Amino acid sequence: MPRTRHTAAFALITVAALTLTACGSADPAPAGGARPAAAKGKIPTTDVVSSVRKDEAAAKLLPPEVRASGTLSIASSVGTPPGAFYLEDGRTPAGADIDFADAVARALGVELKREVASFDAILPALGSGKYDVGTGNFGVTDERRRTIDFVTYINDGQGFAVREDSPLKKVTDLTQLCGLTVATGAGTTFEVTLEENRHRCAEAGKKPYDVRTYADQAAIWISLQQGRSDVVMSTINGLRYAVTQQEGLRFLNEFKRLDVGFAFKKDTPLAPAFQAAVNSIKADGTYDRILKKWGITASAIETSQISPPELR
């Protein structure tokens, strides 16, 4: 597929979150886990959720009002594979985040009332009580833990991707980005990390890097493909998937690992129930089946935790 067509096609997946078919199936799988079937030209459709049975012990941890209503409102950020994206109908969300949330809901015996919301709008909305829970590959950071509670379900983190012609081989220190333009998502831990460390370039006598943030994932990749950005900083799993779908790009390396969790308002009574439910689907094998389905087995956690300290 010509590069211009490939870029345009990937823009469709990130704008409308449709699944993009790879140009061929001979590309090697990315390090850190098997590549999801979508990277081989087919959307993973294995049903790994409907067999989950209610865990009575976990369900009893829910607040009485939730047990009585049998429902929870969830805000989901739907962007790109393998986390969350739309199927070809443009309406049905799919991905690892969707499967994990649905599996936990079944273990708790509740129905999720899902509403799609933008990544940067979900956490403030949880604090206001608009939603009970949020998903969006939310990394657990000490800053976020001050106002948000988390129940962890995978481990992902921060990484980098570049064009094939980039001289960058591996980024182990952010001063290696000095003088470059870095594209990343607005309101993310990546933006925070970059802004907090920008001063280090001047301290090293180098030109600071320029941070360009985008709310639209398509714009991030187009800026890289067109040379308006030199490097992309994003989720490890998302980057590994994305470079298999676009010609002329490569994943650089992991930079920092972060636990990822369901997000709640501070001091939520829902956290113990969700923690028990995550550990329940780990015990019955559903957890591993979801990871395998989406090619993210390297993101497995040993056990779910409630708002653990940020990984250092």
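General observations
- Summed over region 281-297, residues that are at pLDDT below 95 and either closer than 12 Å to Tyr153 by Cβ or acidic (Asp, Glu) (or both) total 1.
- Residue count, region 155-198 (criterion: assigned to a loop (DSSP other than H, G, I, E, B) and in contact with a Lys or Arg (Cβ under 7 Å, 6 or more places away or on another chain)): 3
- Qualifying residue in region 159-180 (condition: surrounded by 22 or more Cβ atoms within 10 Å (Cβ to Cβ), over 30 Å from Leu87 (Cα atoms), at pLDDT 95 or above and not acidic (Asp, Glu)): yes
- Candidate set: region 94-116, residues that are aliphatic (A, V, I, L, M) and surrounded by fewer than 21 Cβ atoms within 10 Å (Cβ to Cβ); chosen: the one modelled with the highest pLDDT: Leu112
- Residue in region 221-232 that is outside any helix (DSSP H, G or I), modelled with pLDDT of 90 or more and crowded, with 24+ Cβ neighbours inside 10 Å present: yes
- Number of positions in region 58-81 that are among the β-branched types (Val, Ile, Thr), at pLDDT 95 or above and in contact with a Phe, Trp or Tyr (Cβ under 9 Å, 6 or more places away or on another chain): 1
- Looking across region 254-287, the residues that are assigned to a helix (DSSP H, G or I) and in contact with a Leu (Cβ under 7 Å, 6 or more places away or on another chain) come down to Pro272, Ala273, Ala276, Ala277.
- Selection within region 117-147: residues that are β-branched (Val, Ile, Thr) and within 24 Å of Lys282 (Cα to Cα). The member of this set that is surrounded by the fewest Cβ atoms within 10 Å (Cβ to Cβ) is Thr141.
- Inspection of region 22-37 identifies no residue that is in contact with a helix residue (DSSP H, G or I) (Cβ under 6 Å, 6 or more places away or on another chain), part of a loop (DSSP other than H, G, I, E, B) and at pLDDT 95 or above.
- Pairing residues of region 241-270 that are under 30 Å from Gly129 (Cβ atoms) with residues that are surrounded by fewer than 20 Cβ atoms within 10 Å (Cβ to Cβ) and β-branched (Val, Ile, Thr), at Cβ distances under 6 Å and at least 6 apart in sequence or on separate chains, gives Lys266/Thr147.
- Unique residue being surrounded by 24 or more Cβ atoms within 10 Å (Cβ to Cβ) and either touching a His at 6+ places or on another chain (Cβ under 9 Å) or of a type outside the set (A, V, I, L, M) (or both) when the list is Asn237, Asn253, Asn279: Asn237
Every residue, every condition in (1) closer than 16 Å to Ile98 by Cα; (2) among the acidic types (Asp, Glu); (3) within 17 Å of the chain's Cα centre (by Cα), yes or no:
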{"site": "Gln246", "(1), (2), (3)": "no, no, no"}
{"site": "Asn253", "(1), (2), (3)": "no, no, yes"}
{"site": "Asp259", "(1), (2), (3)": "no, yes, yes"}
{"site": "Phe264", "(1), (2), (3)": "no, no, yes"}
{"site": "Ala273", "(1), (2), (3)": "no, no, no"}
{"site": "Thr286", "(1), (2), (3)": "yes, no, no"}
{"site": "Leu291", "(1), (2), (3)": "yes, no, yes"}
{"site": "Ile296", "(1), (2), (3)": "yes, no, yes"}
{"site": "Ile301", "(1), (2), (3)": "no, no, yes"}
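- Ala84 vs. criteria at pLDDT 95 or above, within 29 Å of Thr244 (Cβ to Cβ) and assigned by TED's automatic domain parsing to the domain that holds Asp288: no
The values are calculated or read from the model by the stated rules, or taken from the named source; none is laboratory data. Everything numeric in this text was worked out from a predicted model, so none of it was measured. Here Cβ is always computed from backbone atoms with ideal geometry, including for glycine, and neighbour counts include all displayed protein chains.
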